[in-house]
Amino acid sequence: MTIQWFPGHMTKARRQIEEKLKLIDVVIELLDARIPLSSRNPMVDEILKGKPRLVLLNKNDLADPQVTAEWVKYFAEQGLPALPIDAANGTHVKEILPRVKQLWAHKIETMLRKGINPRAIRALIVGIPNVGKSTLINQLAGKKIAATGDKPGVTKGQQWIKVGTEMDLLDTPGILWPKFEDQMVGMRLAATGAIKEELLHLDDVALFTIKYMVQHYGAGIQERFGVQELPEDMENIQEMVKVMEAIGRKRGAIVSGGKVDLDKASLIIIRDLRAGKMGRISLERPF
Ligand code: G4P
């Protein structure tokens, strides 16, 4: 799902989350492990108003595990527990409930001390479009939940999904908008598929990706695409285009006359990246 966000949509999204927050104990904030800050809502702390929160770094199957470990440390330093997961395959999804319970343990202790039987913890998943909210809800539910979303005109009472006996999850997630103002954030969102590539020029997104990869995953490019020499000057666009051409040639993006079709090469680069065919790549680092 890709939403074109306008100020009215943002206000509405915020209001909808604030309504849901009244019902819940713990927030599960879903981020893209490849671009944790760029896939984060710029006002999230303000919107969530201090609710206990677990950060999940989703799509970790596509992210660089070393960089993800750095991100976990980064969030811990901010006082936020973070867990890398892969919602599509269910990897580490079973660790979510124990982590949510840790965040609510003090409340449960208080209730027990007062002789009250603690009820199931109520949780809400929030995140930007395409980060994997529905996939995770379905994994936690153990079945496919109809995705009604928060569409105007769809009136539906709030449903709870039982995750074991100890957690109830709201069946519709909170949809947040990403931070678009920053052009680099836009590039990262487009490269990973969080926003439609048509919103930006595909060749710009591919060039951004290649520059990042030359800088951080140079050996991988050389090996995979048989590129002999990598540019040393990151600002040398011509040299970067040569790398794109080498990839295009290797992947058969050739037009008559033997020239590389750069549009096609750009599409191949973006598709390969998103599908993890270039290896596990993170496009943002905390340092
Ligand atoms: P949303 O509710 O937050 O909008 O996201 P949704 O669950 O619809 O997931 C968006 C896309 O991300 C889906 O791919 C989904 O399969 C994929 N996805 C979710 N979690 C993971 C993950 O942990 N790893 C990987 N690799 N992909 C994940 P899609 O292209 O829209 O559909 P499809 O590929 O399933 O056909």
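Nothing in this text is a laboratory measurement; each read-out follows from the coordinates by a stated rule. These numbers were taken from a predicted model, which means no experiment stands behind them. Cβ sites come from the backbone with ideal geometry, for glycine too, and all protein chains shown count toward neighbours.
Less than 17 Å from a label point 7 Å out along the Cα-to-Cβ axis of Q215: which backbone N atoms in the stretch 16-35 qualify, by residue?
Zone members listed by number: 34-35.
Fully extended, how many nm does the chain gain between A76 and R285 (0.36 nm per residue separation, minus their Cα-Cα distance)?
Details: separation 209, 0.36 × 209 = 75.24 nm, distance 1.50 nm.
Contour length minus the Cα-Cα distance gives 73.7 nm.
Suppose R0 equals 51 Å. What FRET efficiency, 1/(1 + (r/R0)^6) with r the Cβ-Cβ distance, do F6 and I237 give to the nearest 0.05? Present the calculation step by step, with values, prior to reporting the outcome.
Numbers: r = 33 Å, r/R0 = 0.65.
E(calc), rounded to 0.05, equals 0.95.
Between Q16 and K51, what is 0.36 nm times their sequence separation minus the Cα-Cα distance? Round to one decimal in nm.
On the way: separation 35, 0.36 × 35 = 12.60 nm, distance 1.58 nm.
Taking 0.36 nm per residue and subtracting the Cα distance, the gain is 11.0 nm.
By how many nm would the segment from Q102 to H201 lengthen if fully extended, with 0.36 nm per residue of separation less the alpha-carbon distance?
Details: separation 99, 0.36 × 99 = 35.64 nm, distance 4.44 nm.
Between Q102 and H201, full extension yields 31.2 nm more.
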